[in-house]
1. May I ask which residue of VAL92, GLY65, TYR27 lies farthest towards the positive end of the charge dipole of the chain, with charges of +1 (Lys, Arg) and -1 (Asp, Glu) on Cβ and the Cα centre as origin?
2. Within 10 Å of each candidate Cβ there may be at most 13 other Cβ atoms; applying that plus a DSSP loop requirement, which GluC sites (Glu not before Pro) in the stretch 1-80 survive?
3. Taking a probe of 1.4 Å, how large is the accessible area per residue of the stretch 17-165, in Å²?
4. Provide the per-residue ³J(HN,Hα) series for the stretch 36-49, in order, calculated from phi with Karplus coefficients 6.51, -1.76, 1.60 and θ = phi - 60°, each as a whole number of Hz, with x at glycine and proline positions.
5. For the stretch 94-113 and the stretch 128-164, compute the distance between their C-alpha centroids and round to whole Å.
6. How many percent of DSSP beta bridges within the chain run antiparallel, rounded to 5?
7. Placing unit charges on C-beta atoms (Lys and Arg positive, Asp and Glu negative, everything else neutral), compute the dipole magnitude of the stretch 12-171 about its Cα centre in debye, rounded to 20.
8. Show that you can apply the helix-only estimate: for the chain, add -39,500 (n - 2.57) for every DSSP H stretch of four or more residues, divide by all residues, and state [θ] at 222 nm to the nearest 500.
Amino acid sequence: MTMESGLNPVIIDIDSFALENMLAINYEIEKDETVAIANVGASVTNINILRNNVTSFTRDIFKGGNQITEEIQRQLHIDYEEAEKTKVGSKVDLSSQPIIQNVLKAASESLAIEIGNSLDFFHSTTTYEKISKLYLSGGGARIKDFDIALQQHIGIPVEVVNLSKRLNIVGKILTLNI
């Protein structure tokens, strides 16, 4: 299977394990550290908790960025593309700001509660130390100020991931900076 980029995939994996690999490559996680990844997709948010760089807990939440986009569409009577731009903050309509802020705040809080519930469930079923950091990925990570709302709700540091933090592309050559 050759992609348009001319690259041949070597590994195809499920989301949570692919994110685990991305984290191991791009971030230095201490051996005994427990961290979480929340991958906020269009319709599903995947939670993956790692201990010793190995998955110890996964959960899918059937909420994602589409629900927020659809609510912006309903509230502002605009098409999907405009609502998506509004959601990530790349389109600003000053007259609609109060409505947009209310929708984003309510949706962000709702998703943050769901993620927090998953983390609480993990803590109630394990003897591991507390989660030291949550890495936020996926298209939903681009929702304006969602990382801040999530951090405030769960009470642990949240960082939006940089998927190519240690990748170096020069021409057609891709290298890993380790």
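1. Going by the charge dipole, the pick is TYR27.
2. Of the GluC sites (Glu not before Pro), the ones in loops of the stretch 1-80 whose Cβ has at most 13 other Cβ atoms within 10 Å are GLU4, GLU28, GLU30.
3. 52
4. After applying 6.51 cos²θ - 1.76 cosθ + 1.60, I find 10, 10, 10, 9, 8, x, 5, 10, 9, 10, 9, 9, 9, 10 Hz.
5. The distance from the Cα centre of the stretch 94-113 to that of the stretch 128-164 comes to 18 Å.
6. Numbers: 18 of 26 bridges.
Here the antiparallel bridges make up roughly 70 percent for the chain.
7. Numbers: 15 positive and 22 negative charges, 35 e Å.
The dipole of the stretch 12-171 has a size of about 160 debye.
8. On the way: 5 runs with 69 residues, N = 178.
Taken over the chain, the calculation gives -12500 deg cm²/dmol.
The values are calculated or read from the model by the stated rules, or taken from the named source; none is laboratory data. Quick caveat, the model's predicted, so the values are computed rather than measured. Counting neighbours? That spans all protein chains shown, and the Cβs are built from the backbone with ideal geometry, glycine included. SASA here: full protein model, heavy atoms, side chains in, ligands and nucleic acids out. Shrake-Rupley method; radii C 1.70, N 1.55, O 1.52, S 1.80 Å.
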